[in-house]
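Novice: One structure coming up, written as structure tokens, with questions to follow.
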Amino acid sequence: LPSMQTSGSKSCRCPSFKLREVASMYFTMIAVFLVILVVALQGSAPHGSDFPYKVPLDSQGLLELSWNVSYPEQDVHFQLLIRDLQFGLLFGMSDRGEFENADLAVLWSDGHNSYFGDAWSDNKGQLHMDSQQDYQLLGARRAPEGLYLLFRRAFSTCDPKDYLIEDGTVHLIYGILEKPVHSLQAINISAIQRGLQRVQLLKPNITIPELPRDMKTMEITAPDVVIPSQETTYWCYMAELPDKFPKHHIIMYEPVITAGNEALVHHMEVFQCAAEFDSFPRYNGPCDSKMKPDRLNYCRHVLAAWAMGAQAFYYPEEAGLAFGGSGSSRYLRLEIHYHNPLVFEGRHDSSGIRLYYTASLRQYDAGIMELGLVYTPVMAIPPGEDAFILTGYCTDKCTQLALPTAGIHIFASQLHTHLAGRKVVTVLSRDGRERQVVNADSHYSPHFQEIRMLKEVVAVFPGDELITTCTYNTEDRSRATVGGFGILEEMCVNYVHYYPQTELELCKSAVDPGYLHRYFNLVNRFNDEEVCMCPQVSVPEQFFSVPWNTFNRDVLKSLYTFAPISVHCNKSSAVRFPVRRASQP
């Protein structure tokens with residue numbers, strides 16, 4: 001198959017031909033290639049084992065994407081199953097799922113011939129053929145279930161119009177062509193059926209540990225839910241462990257999805273409830289219902305989390321997540337996010353998560369530690385910001401006091417913000433120098449949160465620092481966004497999964513409240529509008545009354561960058577290790 005770039009795509013050599021000179025030849029040969037290939041390979045479906053990762057792109061299940069990752073070759077091979085091919089489709093990637101400034105592979109037909117090419121869209125959504133063809137068509141296979149399209153794409157190219165495939169969330173976009181088109185430029189992306197799907201494309205290459213013979217399974221599933229006929233629903237279901245259930249180790253878990261609902265079950269989490277309560281009420285209904293008992297809010301300890309496109313989660317062979325036994329609640333809360341954009345009615349679902357556990361306890365209990373910012377309104381984001389940065393510190397003083405001499409080993413991570421979050425990164429710092437990225441997501445979405453196994457286990461020793469930075473966008477907001485638990489408030493958290501478990505459960509920070517008080521004083525001094533600092537006025541109300549001119553924005557940024565911080569170095573009992581205040585690194 002001819003290509004517009006030389007074979008060594010990783011060396012980023014640019015093509016020697018002008019697009020205009022080769023386009024006609026290229027697409028004529030592609031058209032012939034597709035016809036020959038589809039006829040020759042009719043009835044032979046690709047092997048599923050060649051593409052271990054799979055996700056439905058649309059809610060009807062008409063488009064199904066499978067892929068594999070080659071780290072030696074630095075590329076991704078895609079297999080796209082099109083169940084009802086009409087006149088073509090668009091598939092690609094963009095920063096946050098937009099169809100503007102997108103990197104696309106396009107298959108289209110004029111009614112006689114089919115064409116495939118690498119394209120890009122400008123900031124108005126107009127499609128253009130790329131002068132460098134980095135989506136490389138490898139084959140097309142007709143099978144009873146539809147047409148399989150196989151193509152590859154390097155992680156990184158020298159093409160400025162191409163999307164850089166990197167660790168973290170990738171926003172995949174698709175569009176279905178329902179009418180013939182005579183040229184790429186004739187495709188009007190605003191008039192086609194289109195959508196997006198979020199995945200983690202670059203899965204870690206993890207060796208699956210051997211599972212014990214005495215392993216048992218437990219399914220935490222919501223019984224016969226009628227999925228509400230609305231786009232977004234969070235469904236809560238309470239489950240119980242057997243009475244006097246002894247301590248076990250969870251060593252693996254995987255999703256259980258009701259057949260036919262693969263495109264509707266977006267993500268799921270299992271939470272263990274607080275042991276301080278002897279009982280929790282039964283509940284099976286929407287999480288935001290007024291009928292939901294308030295006590296369910298005390299079920300916050302994550303046991304398992306799955307998101308669309310994720311595979312089974314395995315604990316390292318040295319460790320397992322403890323549940324059951326004394327000091328552990330019998331009560332679990334399953335939370336399912338249903339994404340139903342076509343508003344299907346009457347769909348029944350009994351999805352959930354299957355836990356694999358063993359009574360043969362492993363060498364270490366795994367632990368979960370919260371890093372980032374304390375849930376407090378003293379950390380705030382002004383309105384109208386496109387990339388406002390807040391940083392939380394797990395300080396050297398805290399790790400020096402709380403971690404064992406041999407250190408801990410982080411093997412997985414779940415990043416978390418609310419709706420304004422755009423990027424999250426945690427780095428390990430030692431002796432004042434950044435040594436390693438623990439986890440990073442430059443295209444983070446609050447609508448796609450999963451526990452991700454790390455490519456490399458990160459060792460953290462006493463005296464190390466773990467620094468978590470979140471970037472927010474508040475361009476659509478008219479007043480300040482403060483930190484807190486509400487969905488319109490913000491968080492900056494990394495739940496790291498590690499072993500061996502220690503007493504340290506929370507290692508976070510916030511700006512010193514006294515210095516924030518000085519900030520409000522400064523705002524009063526240099527602005528005509530007075531910010532009320534009466535004792536009865538809350539910090540959020542003070543932030544809401546700030547006139548957000550350039551001066552007030554810049555001073556707040558400086559405050560968060562240079563002011564002393566209040567350190568929270570907490571045990572699971574909420575008792576703090578004796579660390580109070582520190583200077584920022």
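Novice: Does region 375-403 hold any residues that are in contact with a helix residue (DSSP H, G or I) (Cβ under 7 Å, 6 or more places away or on another chain) and open to solvent by less than 20 Å² (accessible area, probe 1.4 Å), and which are they?
Specialist: Correct list: V378, A380, P382, L390.
Novice: How many residues does region 430-439 hold that are in contact with an Asp or Glu (Cβ under 9 Å, 6 or more places away or on another chain) and surrounded by 18 or more Cβ atoms within 10 Å (Cβ to Cβ)?
Specialist: 1
Novice: Could you tell me which numbered condition H112 fails, if it satisfies all but one of (1) modelled with pLDDT under 95; (2) open to solvent by less than 10 Å² (accessible area, probe 1.4 Å)?
Specialist: Failed condition: (2).
The rows are residues; the columns are (1) part of a loop (DSSP other than H, G, I, E, B); (2) in the same structural domain as D349 (by the TED database); (3) among the polar types (S, T, N, Q).
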site: P204; (1), (2), (3): yes, no, no
site: T207; (1), (2), (3): yes, no, yes
site: E210; (1), (2), (3): yes, no, no
site: M238; (1), (2), (3): no, yes, no
site: D243; (1), (2), (3): yes, yes, no
site: P246; (1), (2), (3): yes, yes, no
site: H249; (1), (2), (3): no, yes, no
site: N261; (1), (2), (3): yes, yes, yes
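Novice: Taking region 132-160, which residues are within 14 Å of S66 (Cα to Cα), open to solvent by 10 Å² or more (accessible area, probe 1.4 Å) and of a type in the set (F, W, Y)?
Specialist: Y148
Novice: Has region 266-277 got any residue that is modelled with pLDDT under 90, open to solvent by less than 60 Å² (accessible area, probe 1.4 Å) and closer than 27 Å to K54 by Cα?
Specialist: Within region 266-277 (the criterion being modelled with pLDDT under 90, open to solvent by less than 60 Å² (accessible area, probe 1.4 Å) and closer than 27 Å to K54 by Cα), the answer is yes, since at least one residue qualifies.
Novice: Then there's this: Do any residues in region 263-291 that are on the phi < 0 side of the Ramachandran plot have Cβ atoms under 7 Å from those of residues that are among the small types (G, A, S) and in a strand (DSSP E or B), where the two are at least six apart or on different chains, and which pairs are they?
Specialist: H267/A307; M268/G352; E269/A304; E269/A305; V270/A304; M291/G285
Novice: Does S66 satisfy the condition of being assigned to a helix (DSSP H, G or I), at pLDDT 50 or above and out of contact with any His (no Cβ under 6 Å at 6 or more places or on another chain)? Give the derivation first.
Specialist: Details: assigned to a helix (DSSP H, G or I): no; at pLDDT 50 or above: yes; out of contact with any His (no Cβ under 6 Å at 6 or more places or on another chain): yes.
It is false that S66 is assigned to a helix (DSSP H, G or I), at pLDDT 50 or above and out of contact with any His (no Cβ under 6 Å at 6 or more places or on another chain).
Novice: So is F87 of a type in the set (F, W, Y), touching a residue at least 60 places away in the same chain (Cβ under 8 Å) and open to solvent by less than 50 Å² (accessible area, probe 1.4 Å) or not? Quick ask: steps written out before the conclusion?
Specialist: Working: of a type in the set (F, W, Y): yes; touching a residue at least 60 places away in the same chain (Cβ under 8 Å): yes; open to solvent by less than 50 Å² (accessible area, probe 1.4 Å): no.
Here the answer is no, as F87 does not meet what is asked.
Novice: Next up: Is it the case that region 71-79 has a residue that's of a type in the set (S, T, Y), within 21 Å of the chain's Cα centre (by Cα) and surrounded by fewer than 17 Cβ atoms within 10 Å (Cβ to Cβ)?
Specialist: Yes.
Novice: Filtering region 462-486 down to residues that are surrounded by fewer than 16 Cβ atoms within 10 Å (Cβ to Cβ) and acidic (D, E), which residue is farthest from G392 (Cα to Cα)?
Specialist: That would be D476.
Novice: Moving to a separate point now. Give the residue, chosen from F313, F280, that is touching a helix residue (DSSP H, G or I) at 6+ places or on another chain (Cβ under 6 Å) and either open to solvent by less than 70 Å² (accessible area, probe 1.4 Å) or of a type in the set (S, T, Y) (or both).
Specialist: F280
Novice: Could you figure out which of (1) in the same structural domain as S229 (by the TED database); (2) buried (at least 20 other Cβ atoms within 10 Å of the Cβ); (3) more than 20 Å from E254 (Cβ to Cβ) isn't true of G372?
Specialist: The number of the failed condition is (1).
Novice: If the requirement is being modelled with pLDDT of 60 or more, closer than 21 Å to R153 by Cβ, aromatic (F, W, Y) and not in a loop (DSSP other than H, G, I, E, B), which of these qualifies: F99, F91, F27, F33?
Specialist: Working: F99 fails: not in a loop (DSSP other than H, G, I, E, B); F27 fails: modelled with pLDDT of 60 or more; F33 fails: modelled with pLDDT of 60 or more.
The unique qualifying residue is F91.
Novice: Of everything in region 446-464, what is aromatic (F, W, Y) and either in contact with a strand residue (DSSP E or B) (Cβ under 6 Å, 6 or more places away or on another chain) or without any contact (Cβ under 8 Å) to a residue 12 or more places away in the chain (or both)? Give them in sequence order.
Specialist: Just the residues of region 446-464 that are aromatic (F, W, Y), to begin with: 448, 461.
Selection gives F448 alone.
Novice: Filtering region 340-367 down to residues that are over 25 Å from the mean Cα position of the chain (by Cα) and not in a loop (DSSP other than H, G, I, E, B), which residue is surrounded by the most Cβ atoms within 10 Å (Cβ to Cβ)? Can you show your working first?
Specialist: Applying the first criterion (over 25 Å from the mean Cα position of the chain (by Cα)) to region 340-367 yields 344-348, 357-365.
Filter once more, so that each one left must be not in a loop (DSSP other than H, G, I, E, B): 348, 357-358, 364-365.
On the way: H348: 12, Y357: 21, T358: 18, Y364: 19, D365: 16.
If we take residues in region 340-367 being over 25 Å from the mean Cα position of the chain (by Cα) and not in a loop (DSSP other than H, G, I, E, B), then Y357 is surrounded by the most Cβ atoms within 10 Å (Cβ to Cβ).
The values are calculated or read from the model by the stated rules, or taken from the named source; none is laboratory data. Owing to the predicted nature of the structure, the values given are computational and were not obtained by experimental measurement. Cβ: placed from backbone, ideal geometry, glycine included. Neighbour counts: every protein chain shown. Each accessible area value is taken on the protein alone, full model and side chains, heavy atoms only, with ligands, DNA and RNA left out. Shrake-Rupley method; radii C 1.70, N 1.55, O 1.52, S 1.80 Å.
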